[in-house]
Amino acid sequence: MLTNHFKRLAAVVAGGLMVLGFGAGAMAKTDLLVYTAVEADELAKFKSAIEKAVPEVEIKWVRDSTGIITSKLLAEKDNPRADMVWGQAATSLVLLANQGYFQGYAPKGLDKLDKRYYDTKNSPPLWVGQRTYGAAVCYNRVEGKKKNLPMPASWQDLTKPVYKGSVIMPNPNSSGTGFLDVSSWLQMWGEDKGWKYMDALHQNISRYTHSGSAPCKLAAAGETPIGVSFAYRVVKSMEEGAPLQLVLPSEGLGWEVEAFGIVRNTKKLALAKKVADWSVSKAAMTLYAPGYEAVAMPGVPNPTEALRGIDKQFVKNDFGWAADNRIRILNEWAKRYDAKSDPKKK
């Protein structure tokens, strides 16, 4: 009897351990390596939201500016390390998609998105948009007054001699904002006039930064009267109390859409698909919306009043042309203007 009692007890304990083991396994998280160019101050909220929606995932960000992330992805082309690219300029994703970088996937809810903002050339799409951002100029009213600088109203105004040494803009080789500026000028005016414009603008540039938000942050700090940045960053600095004025140049605004793609050959495809599904949900779009001009899902309101309707000033943007000509444009830009660029990160 005693032997049978111990047998039954051992069976109960073993069963309990199996239950505990199964529970521990169910709670285990799997790392998902995600390359992103999303602003650093937003990453925590996105990580929290994704992991709440997909409890089995642990998001591991690799974050840098758009150009640097693009260069990193290209360098890893033959042996990709990332599982996903998320919150990266669509122009970069088109370039990478053309080289077979992504695993096509149509996330649940794709049919609810604006077709301008995702890959319609491939089925399933290789990249899917999240939110748009547009070029803008920030003008520091205090510094402008000190230097007797009028507030510019157009892109062409920035080439006037009065602004010599008073303008900072992003380097397009490292910044997605810088590239959307250059790409839009070339598309708006044609290449001859576009390069002539940049030659004239270069005379007034004091430095080129490696971040799209840096020119506005520097303007907010009073280190330059004028920064070429993106509208969200200008408004955010204004809300933080900086003496800035948002300027939307009269010729129109270059723009981009942040997007995501699943890297081919990822060993975590099922998990990446779950993150992709969340990324096009209404909950995600509502989280993307503050501060940005528009999101990929029509009908999700922009809570930032100062940015509502700015997307109506977006110029025509041919992502395919920009991707096909990206390397040529960047090489030409570097040859002409790189001498004023900030030192590259080591």
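Restricting attention to segment 156-172, which residues are surrounded by fewer than 24 Cβ atoms within 10 Å (Cβ to Cβ) and more than 15 Å from Cys216 (Cα to Cα)? Gln156, Asp157, Leu158, Thr159, Lys160, Pro161, Val162, Tyr163, Lys164, Gly165 - these are the residues of segment 156-172 that are surrounded by fewer than 24 Cβ atoms within 10 Å (Cβ to Cβ) and more than 15 Å from Cys216 (Cα to Cα). Residues of segment 204-226 that are without any contact (Cβ under 8 Å) to a residue 60 or more places away in the chain and out of contact with any Phe, Trp or Tyr (no Cβ under 9 Å at 6 or more places or on another chain): Ala214, Lys217, Leu218, Ala221, Glu223. Restricted to segment 295-324, and to residues there that are among the polar types (S, T, N, Q) and touching a residue at least 60 places away in the same chain (Cβ under 8 Å), the residue that is farthest from Glu191 (Cα to Cα) is Thr304. Determine if segment 316-324 includes at least one residue that is more than 21 Å from Thr120 (Cα to Cα) and assigned to a helix (DSSP H, G or I). Looking through segment 316-324, none of the residues is more than 21 Å from Thr120 (Cα to Cα) and assigned to a helix (DSSP H, G or I).
Can you find a residue that is under 16 Å from the mean Cα position of the chain (by Cα), assigned to a loop (DSSP other than H, G, I, E, B) and surrounded by 19 or more Cβ atoms within 10 Å (Cβ to Cβ) anywhere in segment 109-129? Yes, segment 109-129 contains a residue that is under 16 Å from the mean Cα position of the chain (by Cα), assigned to a loop (DSSP other than H, G, I, E, B) and surrounded by 19 or more Cβ atoms within 10 Å (Cβ to Cβ). Can you find a residue in segment 287-294 that is under 18 Å from Val54 (Cα atoms) and in contact (Cβ under 8 Å) with a residue 40 or more places away in the chain? Scanning segment 287-294, I find at least one residue that is under 18 Å from Val54 (Cα atoms) and in contact (Cβ under 8 Å) with a residue 40 or more places away in the chain, so the answer is yes. Would you check if there is a residue in segment 298-311 being out of contact with any Leu (no Cβ under 7 Å at 6 or more places or on another chain), assigned by TED's automatic domain parsing to the domain that holds Tyr105, modelled with pLDDT of 95 or more and part of a loop (DSSP other than H, G, I, E, B)? No, there is no match, as no residue in segment 298-311 is out of contact with any Leu (no Cβ under 7 Å at 6 or more places or on another chain), assigned by TED's automatic domain parsing to the domain that holds Tyr105, modelled with pLDDT of 95 or more and part of a loop (DSSP other than H, G, I, E, B). Summed over segment 313-329, the residues that are of a type in the set (Lys, Arg) and under 18 Å from Glu258 (Cβ atoms) give a count of 1. Just one residue in the set Asn317, Asn331, Asn302 is out of contact with any Lys or Arg (no Cβ under 8 Å at 6 or more places or on another chain) and crowded, with 18+ Cβ neighbours inside 10 Å; that residue is Asn317.
Taken together, Leu43, Leu20 contain a single residue that is at pLDDT below 95 and either assigned to a strand (DSSP E or B) or out of contact with any His (no Cβ under 6 Å at 6 or more places or on another chain) (or both), which is Leu20. Taken over segment 73-89, the residue count meeting the criterion of being part of a loop (DSSP other than H, G, I, E, B) and polar (S, T, N, Q) is 1.
Does Ala276 fit the bill of being in the same structural domain as Ala53 (by TED's automatic domain parsing), among the aliphatic types (A, V, I, L, M), touching a residue at least 40 places away in the same chain (Cβ under 8 Å) and more than 20 Å from Glu39 (Cα to Cα)? When the stated conditions are applied, Ala276 does not pass them. All conditions but one from (1) closer than 16 Å to Asp114 by Cα; (2) surrounded by fewer than 22 Cβ atoms within 10 Å (Cβ to Cβ) apply to Tyr288; the one that does not is (2).
Note on segment 52-72: among residues that are in a loop (DSSP other than H, G, I, E, B) and at pLDDT 95 or above, the one that is nearest to Thr177 (Cα to Cα) is Val54. From the list Tyr105, Tyr139, the lone residue that is assigned to a loop (DSSP other than H, G, I, E, B) and at pLDDT 95 or above is Tyr105.
The values are calculated or read from the model by the stated rules, or taken from the named source; none is laboratory data. This structure is a prediction, so every number in the text was calculated from the model and none was measured. No Cβ is skipped: glycine too gets one built from the backbone with ideal geometry, and neighbour counts run over all protein chains shown.
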